[in-house]
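Asks: One structure coming up, written as structure tokens, with questions to follow.
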Amino acid sequence: LDQDPIERKKTEARLRNAGFAENALIVGATNFSNAKKFITALGIPKVDMILADLGVSSMQIDDPLRGFSFKADAPLDLRMNPSEGLSAAELLTTLNFVQLAEILRDNSDELRADVIAKALIAEKPKTTGRLLLVLRKVIASFSKRIQAEEGEATIRRTFQALRIAVNDEFGALDQLLLDIPQMLNKGGRV
């Protein structure tokens, strides 16, 4: 299962080329939070193994048009599936200061969440480049020691926090974890 339509096609092609035939591999266009519904719809009551890749891939980060990286200016998207949900830029227009600060703290343990949230609420950046400029301006207001120790980490944590929020990554993981006992055969592995 992969919600990312771009990477799902590439992964399926690699697996088919590695010898996985149609009857040995079923590929689903959905988030792993829907795994139980997916296998139930296929008439599979339980499975022997569940392998979940919980990270973002370098292929997603390396594609500047996806908006996952601050290395190139692009629309501030961050969605695993670019046709579903709100982009990060759109999300920033819906959040208030308290909500955004909470996202920064909860999703990336950002120590300066309040200062960053205030700046992002004021600017509402639409591109990765603009987000980077806003963050660099905020970082410049920190002490020299904090700038040296955490400057780039603050940028990475902010991108991470927004990506997790946009894709509801914790909600998806929670749902998968709740469904595992009903999906897994006795003696099965996760």
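The values are calculated or read from the model by the stated rules, or taken from the named source; none is laboratory data. Here the structure is a predicted model, which is why all the values come from computation and not from measurement. Reconstructed Cβ throughout: ideal geometry from the backbone, glycine too, with neighbour counts over all protein chains shown. Remember, those area values only see protein heavy atoms, side chains included, never the ligands or the DNA or RNA. Shrake-Rupley method; radii C 1.70, N 1.55, O 1.52, S 1.80 Å.
Asks: Mean separation of Cα pairs under 8 Å and 6+ residues apart, divided by the residue count of the chain: what relative contact order is that in percent?
Replies: RCO, the chain: 28 percent.
Asks: In nm, to one decimal, how far is the modelled label at residue 52 from the one at residue 65, with both set 7 Å along Cα→Cβ?
Replies: Spacing of the two 7 Å Cα→Cβ label points: 3.1 nm.
Asks: What is the percent carbon and sulfur in the accessible area of the range 51-190, measuring with a 1.4 Å probe over the protein chains and ignoring ligands?
Replies: Carbon and sulfur together cover 55 percent of it.
Asks: Give me the distance in nm between label points sitting 7 Å out from Cα along the Cα-to-Cβ direction at residue 27 and residue 106, one decimal.
Replies: For residue 27 paired with residue 106, the spin-label model returns 3.4 nm.
Asks: At 4 °C and a viscosity of 1.567 mPa s, what translational diffusion coefficient does Stokes-Einstein give for the range 1-141, taking Rh as the Kirkwood radius over Cα pairs? Give it in µm²/s as a whole number.
Replies: 74 µm²/s
Asks: While we're on this one: With springs connecting C-alpha atoms under 10 Å apart, model the chain as a Gaussian network and identify which of 166, 138, 47 has the largest mean-square fluctuation.
Replies: Looking only at 166, 138, 47, the biggest GNM fluctuation is shown by 47.
Asks: A follow-up question, please. Magnitude of the Cβ-charge dipole of the range 1-137, K/R +1 and D/E -1, about the Cα centre, nearest 20 debye?
Replies: Approximately 200 debye in magnitude.
Asks: Set the bar at 31 Å for Cα to Cα. Now go through 10/37; 37/126; 37/71 and name every pair that lies beyond it.
Replies: Cα-Cα > 31 Å for 37/126; 37/71; rest within.
Asks: State the answer as a single residue: which of 154, 32, 140 lies farthest towards the positive end of the charge dipole of the range 4-156, with beta carbon charges of +1 for Lys and Arg and -1 for Asp and Glu, about the Cα centre.
Replies: Checked the options; the winner is 140.
Asks: Order the peptides 37-46, 19-28, 59-68 from the highest to the lowest mean number of other Cβ atoms within 10 Å of their residues.
Replies: Going from most to least packed, we get 59-68, 37-46, 19-28.
Asks: Just the accessible area per residue of the chain, please: how many Å² with a 1.4 Å probe?
Replies: 58 Å²
Asks: Another question, then. Extension gain residue 12-residue 84, at 0.36 nm per residue separation less the Cα-Cα distance, in nm?
Replies: 23.8 nm
Asks: Any chance you could give the angle, 0 to 90 degrees and rounded to 10, that helix 113-123 forms with the longest Cα principal axis of the chain?
Replies: Tilt of helix 113-123: around 80 degrees.
Asks: Around residue 128, what is the net charge, scoring Lys/Arg as +1 and Asp/Glu as -1 over all other residues with Cβ under 10 Å from its Cβ?
Replies: Within the 10 Å Cβ shell, the charges total +2.
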